[in-house]
Amino acid sequence: MQGNAMLQVEQLNQYYGSSHTLRGVSLSLEKGQCLALMGRNGVGKTTLLKCLMGVLPVADGRVMLEGRDITGLKPHQRAALGIAYVPQGREIFARLTVEENLLMGMATKPGKKASAIKSEVYELFPVLREMLQRRGGDLSGGQQQQLAIARALLAEPKLIILDEPTEGIQPSIIKDIGRVISLLRERGDIAILLCEQYFDFAHALADKFIVLSRGEVVAAGTQEQMDSEDVKRHLAV
Ligand SMILES: Nc1ncnc2c1ncn2[C@@H]1O[C@H](COP(=O)(O)OP(=O)(O)OP(=O)(O)O)[C@@H](O)[C@H]1O
Ligand SMILES: [Mg+2]
């Protein structure tokens, strides 16, 4: 039975003009699992994530959330169904305060008030509580990444999609982010799709992985199978 996978992607194809960017990509992800999406620069990772969020159309193939076909839905409809997306480069609102950014994560919830920001967010990211009135653009890159993840979590997603959360971030904050992803995974009620080029980080967090090369899945397997020459050949490491 595939019907109960949190996310099921079947034979996705996508083109930018005449360039065939995703080639028959399939994957599945269960609740409580973390799937690492790996691959070098430019292989189509972000393109795949944008297709899953509905930011980009797909030429053919299917995207299923808990057995429901969502391939034709708009991004806001997917968000309402429980998909949260933390884009590459974070895309927080630089001119809004940290608190206002967090409230944006609750935009789909009625009566959004600062008091309703769940304390869990501050437990996961204590630094944000200290910086509530600071402008997003004045945070460090790592703090902005934490803010973007916190904002996504406030939507109480079933599936969180993270596009290279460690990119350009200092080691101490990478550790903090890793700890949060690990806690979310242990909670067991959310599925995590982690796009990542930092092998050790992905290896420590993932239950399973897929590797893309030129838009195609060239390797896939369990966490134990990740640490192989065959996989590393396709990565930047
Ligand atoms: N809007 C676009 N129009 C045309 N081509 C694009 C567009 N966005 C990306 N591409 C191309 O599609 C390919 C896949 O890009 P994508 O951003 O998905 O790669 P990526 O695996 O996320 O790379 P990175 O690790 O650098 O983030 C690349 O060759 C890229 O140049
Ligand atoms: Mg990318």
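The values are calculated or read from the model by the stated rules, or taken from the named source; none is laboratory data. Quick caveat: nothing in here was measured; it's all calculated off a predicted structure. With ideal geometry, Cβ positions are generated from the backbone for all residues, glycine too; neighbour counts draw on all protein chains shown. SASA here: full protein model, heavy atoms, side chains in, ligands and nucleic acids out. Shrake-Rupley method; radii C 1.70, N 1.55, O 1.52, S 1.80 Å.
Between Ser26 and Val55, what length comes free when the chain is fully extended (0.36 nm per residue of separation minus the Cα-Cα distance, one decimal in nm)?
Between Ser26 and Val55, full extension yields an extra 8.6 nm.
Students often get this wrong, so check it: of Lys45/Lys232; Lys45/Lys74; Lys50/Lys232; Lys31/Lys232; Lys175/Lys208, which have C-alpha atoms separated by over 22 Å?
Lys50/Lys232; Lys31/Lys232
For Gly82, what is the net charge nearby, where nearby means another residue's Cβ is under 9 Å from its Cβ and Lys, Arg count +1, Asp, Glu -1?
Net charge around Gly82: 0.
Quick one: Debye curve from the alpha-carbon atoms of region 39-125 only, equal weights, vacuum; give me log10 I(q)/I(0) at q = 0.15, 0.20, 0.24, 0.25 Å⁻¹ to two decimals.
-0.74, -1.07, -1.22, -1.26
Cα gyration tensor of region 68-165, axes a ≥ b ≥ c as square roots of the eigenvalues: rounded (a/c below 1.5), prolate (a/b > b/c) or oblate?
prolate
Sort region 142-237 into rounded, prolate or oblate with this rule: let a ≥ b ≥ c be the square roots of the eigenvalues of the Cα gyration tensor; rounded if a/c is under 1.5, and if a/c is not under 1.5, prolate when a/b is larger than b/c, oblate otherwise.
prolate
At 1.4 Å probe size, what's the solvent-accessible area of Ser19? Round to the nearest 10 Å².
Rounded to the nearest 10, that gives 60 Å².
How much of Tyr16 can a 1.4 Å solvent probe reach, expressed as accessible area in Å² and rounded to 10?
100 Å²
So, in Å, what gap is there between the alpha-carbon centers of region 195-223 and region 121-190?
Using only Cα atoms to place each centre, the spacing works out to 21 Å.
Give, as ranges by residue number, the residues of region 195-212 whose backbone N falls under 20 Å from the point 7 Å along Cα→Cβ of Lys232.
Once the point is set 7 Å along Cα→Cβ of Lys232, 196-212 turn out to lie under 20 Å by backbone N, inside region 195-212.
For region 29-186, calculate the relative contact order in percent as a whole number, restricting contacts to Cα pairs under 8 Å that are 6 or more residues apart.
27 percent
What Kirkwood hydrodynamic radius, in Å, does region 68-107 give when the mean of 1/r is taken over all pairs of distinct Cα atoms and then inverted?
Roughly 11.8 Å, rounded to one decimal.
According to the Cα gyration tensor, what semi-axes, each the square root of 5 times an eigenvalue, does the equivalent ellipsoid of the chain have, listed from largest to smallest in whole Å?
Output for the chain: semi-axes of 28, 20, 17 Å.
Could you compute the FRET efficiency for Lys74 and Glu156, with r as their C-beta to C-beta distance and R0 at 25 Å, rounded to 0.05?
Here the calculated transfer efficiency is 0.80.
Hey, what number do you get for the chain at 222 nm if only DSSP H runs of n ≥ 4 count, each worth -39500 (n - 2.57), divided across all residues, to the nearest 500?
-9000 deg cm²/dmol
Picking from Ala204, Leu56, Asn4, whose Cα lies most toward the positive end of the charge dipole for the chain (charges on Cβ: Lys, Arg +1; Asp, Glu -1)?
Leu56
Compute the Cα gyration tensor for region 30-76, then decide on rounded, prolate or oblate, letting a ≥ b ≥ c be the square roots of its eigenvalues: rounded whenever a/c is under 1.5, prolate when a/b is larger than b/c in the other cases, and oblate in all that remain.
oblate
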